[in-house]
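One structure is given here, and the rest of the page talks about it.
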Amino acid sequence: MYSKKTAVLDIASDTITLVMQDRKFSGSFAFHDSCSYSGFQDGEFLDKDELIGAIRSLIDRCRKTTFSDIDEIMVGVPAEFSLATLAEKEVDFSLPRKVTEKDVDDLISDPPASNEEYTVISAAPVWFIADSGRAEITPYGITTTKLKCMMSYVYCVNSFIALFDKIAEYAGVKFEYMSDMLAEVIYVVPESLRDTGALVVDAGYISTGVAYAYGDGLLGLKAFSSGKGHIAAELTLEAGIPYDAALTLVGKLNFNLHPVGGEKYFVTTNDGNKEYDISKINEIAGRKVEELAKGILSAADSFAFALPEDAKIILTGSCFENMPGAKEIIERVTGRSVERVQPTVAPFNKAAYSSLAGLINAQTKKITRRDNPLGKISTFFDKLLRRLSK
């Protein structure tokens, strides 16, 4: 039995969460805790010393709580520190024959070399094309003279890896890196939604990741600095509401309310109970939601391809988790259907935990491979994750 102690580290734009899986009891966790911190914006951490201190504190707490050490931590790389590219690979068999698992392995192996700015951290095949010219998700058993594969690669900026490698050295652990958006796409977004292509949007506290997912790959990846905290900041700037109260107000927003008699939102703060006019608050916050929706469109427009007209927006993240009416605003501004999804991993079965749940599931797959080394690996994604983590 494989004995390593493993954990995942989710780097959200307002909190850092460490979760250690319990190897004895499936679906349970030996440790999980979070630290608030200043976050990141425009691809930069706002306070690196605070970041380092928060991660080291979580690791120390885990050690003291579980009376054990952590051998390896899977670090989720946020979209603001990532980019995705596509590359086509091809093999010519000369004569017609059936495609085998080894053929596919040979075709999809050997990701592109890293460079001075970026390192490949995640990879996945998007589709395969045989002589028929049809795109296939799984090509096994197809008779063909050649096989093409469209590969999706996710890169991480080297400055992120350098910083976290240093933290790993301080903490005495090994870090491996995984695209949190790809983990979310593979393990949180239902297969039925991504097999025809979907725009996955993880809107968080001060950062929003946007990925166009097709099958098990990312065709495009972009991020911009906007989220729940920016809606609160707008209430502070325009209505003079203290930020803490404004952030609480964002958690109470309901755009389906259409008051006619001066109805109020009620907020309790350290300064006592406050009340704010619903119409005014909804008007200010609604404009900021519209702005965020336009940011989603801009992110999608930056991709090197045009999105299908019927591509849905799949909404995850903490920003709009409990905000009735926000979905309809996004649909109106983008002209696209919006569907919410959330993880099924308890106790992290909330939209705010989508990236964390994706990482947990990705690592669970990895643990299963290690504990059952003779077991068949069932997905291309698993094969590539194994190669990239060597």
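Read-outs throughout are calculated quantities, based only on the coordinates presented, and are distinct from any laboratory measurement. What you see is a predicted model, and the numbers here were worked out from it, not measured in a lab. No Cβ is skipped: glycine too gets one built from the backbone with ideal geometry, and neighbour counts run over all protein chains shown.
Projecting the Cα atoms of 302, 141, 313 onto the charge dipole of the chain, computed from C-beta unit charges around the Cα centre, puts 141 farthest toward the positive end.
Comparing 285, 128, 247 along the charge dipole axis of the chain, the residue lying farthest to the positive side is 128, per the Cβ-charge model. Translational diffusion coefficient of segment 192-341 at 37 °C, 0.692 mPa s, Stokes-Einstein with Kirkwood Rh over Cα pairs, in µm²/s as a whole number. Result for D is 204 µm²/s. Binning every alpha carbon pair distance of segment 263-318 at 5 Å from zero, what are the percents per bin? Percent of pairs per bin, in order: 4, 13, 14, 17, 14, 12, 9, 7, 6, 3, 1. Database remark: amide H of residue 74 closer than 5 angstrom to the amide H of 7, 8, 9, 176 (H placed geometrically; neighbours at sequence offset of 5 or more, or on other chains; Pro and chain starts carry no H). What number of lysine-lysine pairs in segment 192-341 show an alpha-carbon separation below 19 angstrom, given a sequence spacing of 8 or more or placement on distinct chains? Pairs that pass both the separation and distance tests number 19.
For residue 146, the lysines whose Cα falls under 19 Å of its own Cα, not counting residues fewer than eight places away in the same chain, are 89, 98, 102. Could you compute how fast the chain diffuses translationally, taking Rh as the Kirkwood radius over C-alpha pairs and applying Stokes-Einstein at 20 °C with viscosity 1.002 mPa s? Give it in µm² per second. This corresponds to a translational diffusion coefficient of 96 µm²/s.
First select every other residue whose beta carbon is under 14 angstrom from the beta carbon of residue 317; then total the charges, Lys and Arg +1, Asp and Glu -1. Neighbourhood net charge equals -4. Placing +1 on the Cβ of every Lys and Arg and -1 on the Cβ of every Asp and Glu, with no other charges, gives segment 83-156 a dipole of roughly 340 debye about its Cα centre.
Listed peptides 171-182, 306-317, 269-280 appear in the order 171-182, 306-317, 269-280 once ranked by packing, highest mean of other Cβ atoms within 10 Å at the front. Under the convention that each Lys and Arg Cβ holds +1 and each Asp and Glu Cβ holds -1, the size of the dipole of the chain around its Cα centre is about 1220 debye.
Starting with the fewest neighbours, write out 40, 29 ranked by other beta-carbon atoms found within 10 Å of each beta-carbon. List each step's numbers first, then the result.
Working: 40 24, 29 17.
Starting with the residue having the fewest Cβ neighbours, the order is 29, 40.
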